[in-house]
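Structure record follows, encoded as structure tokens.
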Amino acid sequence: MMNLQIIILRYVSIIVIAVSSLHVSAQNIGPADSKATPETVRLYSNLKKLLARGIMIGHQDDLAYGVNWKYEDGRSDIKDVTGDYPAVYGWELGRLENDAPANLDGVPFDKMKEYIQDGYERGGVITISWHLNNPLTGKSAWDPAPAGSAASALPGGEKNELYKSWLDKIATFMQSLKGKNGELIPVIFRPFHELNGSWFWWGGKNCTPDEIKKLYQFTETYLRDVKGVHNLLYAFNTDRFATKEEYLGRYPGDEYVDIVGFDIYQRGPDNEKYMAEFDRTLTTLEDIAKEKNKIPALTEFGYGTLPDSTWWTNVFGKVLQTHHIAYALAWRNAGRKSATETEFYVPYTGQSSAEDFKKFCDSKQILLQRDVTKMKLYE
Ligand code: BMA
């Protein structure tokens, strides 16, 4: 009798262990959305494979405008300089929540849709950020006051209905992105970025870690389970950070995240200081990604107006190319913003770092459009 009990117990525990390990591996093989479309699942697994091959270069608003030009069909500052488009195309939905015809940087949403389709048809990757207004005050993403803005958007909060109506518009936009055969275009969605800094209402001192975690979770579950949006991979991203603990302090949980990233800009001429910090944060990011089985990426980077003609190969690339991340997205080439301000992060023809950028991009490890077209990331 005793022996039989032991045998049964042994079998039961073997079955329990087998089932739970199946559960763990099931969690690890697919994206956070278990109902993600086939193209989205393929992009997810191909991004993981690509880590061994190279790093894709991306650019925000690349097809819409550059330094000294706007809305010229087929044009791109990266293409002007290197002969090829970027592999990753960044776009931004801020003001979609207000039913505005164009985003906060003036890009019309209908044009943006066409650019997204163009990039996807070429085999490129699409990522979208959202500098959404403060739901509590109606002012911009940079309006930190008053505390409680993030909590107001949660269920039970006074702006939850308003926030849901914003997400309805995000869902409609995402579900309107279709390829030639009617399939949904996969998008790496990057809401609530730089959430360890205090410049947005969703970050740093302006809300508690618990509030922003809940808001990230609510946003994703609402889009996925209520609105049925299944063409998104979710990127979690901080700004520069000091420690792993800081990085994970506002992390919503493994079941909500596909891509882990951070944003870092070089500010000022101290290359050594920037390189040391960039190297350290990339190493920590890779550790976190490995531990959590996520895809690491540099979700925004740049050195404003590129004053160093060999920055790409001597500074940025020298560090980047010792790491394995899926992509690095340069921020937008807004060009002349006012009499005193010009903004760009990749060179345009004739800019002093243009030759060096081309050299950097010529490296086998650095991937532009043509490289990823060959890799067929959606198949
Ligand atoms: C910032 C600048 C702004 C822009 C904002 C959102 O870094 O480029 O001009 O409005 O991003 O795209």
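Close amide H pairs (under 5 Å, H built 1.01 Å from N) link residue 305 with 344, residues at least 5 positions away or on another chain. Counting only DSSP H runs of at least 4 residues, each contributing -39500 (n - 2.57), and dividing by the residue count of the chain, the helix-based mean residue ellipticity at 222 nm comes to -11500 deg cm²/dmol.
Just list whichever of 139/205; 48/70; 205/292; 111/213 have alpha carbons separated by over 29 Å in the model shown. Flagged as over cut-off: 48/70; 111/213.
In units of the rule-of-thumb radius 2.2 N^0.38 Å, segment 36-162 shows an alpha carbon radius of gyration of 1.28.
With the cut-off at 14 Å, report for segment 28-70 the share of all Cα pairs above it, as a whole percent.
63
Whole-Hz Karplus values for segment 60-67 come out as 6, 6, 3, 8, 8, 6, x, 6 Hz, taken residue by residue from phi with 6.51 cos²θ - 1.76 cosθ + 1.60 and θ = phi - 60°; glycine and proline positions read x.
Spatial offset of segment 258-293 relative to segment 188-224 amounts to 20 Å, using the alpha carbon center of each.
For segment 188-193, backbone phi angles converted through the Karplus equation (6.51, -1.76, 1.60; θ = phi - 60°) give residue-by-residue couplings of 8, 8, 10, x, 6, 6 Hz, Gly and Pro being listed as x. Among 307, 86, 347, which one shows the biggest mean-square fluctuation in a GNM of the chain, springs joining Cα atoms closer than 10 Å? Comparing 307, 86, 347 in the GNM, the peak value goes to 307.
Are there chymotrypsin sites (Phe, Trp or Tyr not before Pro) in segment 117-147 that DSSP marks as loop and that have at most 11 other Cβ atoms within 10 Å, and which are they? All intermediate terms of the calculation are to be shown ahead of the outcome.
Details: sites: 120, 130, 142; in loops: 142.
In loop regions of segment 117-147 (DSSP not H, G, I, E or B), the sparsely surrounded chymotrypsin sites (Phe, Trp or Tyr not before Pro) are 142.
Fewest to most neighbouring Cβ within 10 Å: what's the order for 324, 193?
Working: 324 17, 193 23.
The fewest-first ordering by Cβ neighbours comes to 324, 193.
Assuming a ≥ b ≥ c are the square roots of the Cα gyration tensor eigenvalues, decide whether segment 298-379 counts as rounded (a/c under 1.5), prolate (otherwise, with a/b larger than b/c) or oblate. The shape class here is prolate.
Take the Cα radius of gyration of segment 81-142 and divide it by 2.2 N^0.38 Å, N being the number of residues; the result is 1.30. Estimated at 0.36 nm per residue, the fully extended path between residue 265 and residue 283 surpasses their Cα-Cα distance by 4.8 nm.
DSSP assigns beta bridges within the chain; of those with both partners inside it, close to 15 percent run antiparallel. Mean separation of Cα pairs under 8 Å and 6 or more residues apart, divided by the residue count, gives segment 36-375 a relative contact order of 23 percent.
Cα-based radius of gyration for the chain, normalised by 2.2 N^0.38 Å, reads 1.03. Counting every other Cβ atom within 10 Å of each residue's Cβ, 93, 177 order from fewest to most as 177, 93.
Look at the alpha carbon pairs under 8 Å that are at least 6 residues apart: their mean separation over the length of segment 188-325 gives a relative contact order of 23 percent.
Around the amide H of residue 90, modelled in the peptide plane, lie the amide H atoms of 59, 60, 61, 62, 127, all under 5 Å away and 5 or more residues distant in sequence or on another chain. Computed across segment 188-347, the Kirkwood hydrodynamic radius from all distinct Cα-Cα pairs reaches 16.8 Å.
Over the Cα atoms of segment 207-294, compute the convex hull volume and normalise it per residue, giving Å³. It would help to have the intermediate numbers written out before the result.
Working: hull volume 9.7 nm³, N = 88.
Given the Cα convex hull of segment 207-294, per-residue volume reads 110 Å³.
Coupling constants for segment 264-279 follow from the phi torsions by the Karplus curve (6.51 cos²θ - 1.76 cosθ + 1.60, θ = phi - 60°), and in residue order they are 8, 10, 7, 10, x, x, 7, 4, 4, 4, 4, 4, 5, 5, 4, 5 Hz; glycine and proline get x.
Could you sort the peptides 334-341, 294-301, 209-216 by per-residue average Cβ neighbour count (10 Å cutoff), highest mean leading? Walk me through the numbers on the way to the answer.
Numbers: 334-341: 10.6, 294-301: 24.9, 209-216: 19.6.
Listed from highest to lowest mean packing, they are 294-301, 209-216, 334-341.
A short reminder: the numbers here are calculations on the coordinates, not readings from a lab. Computed from a predicted model, the values in this text were never measured in an experiment. Cβ atoms come from the backbone with ideal geometry, glycine included; neighbour counts cover every protein chain shown.
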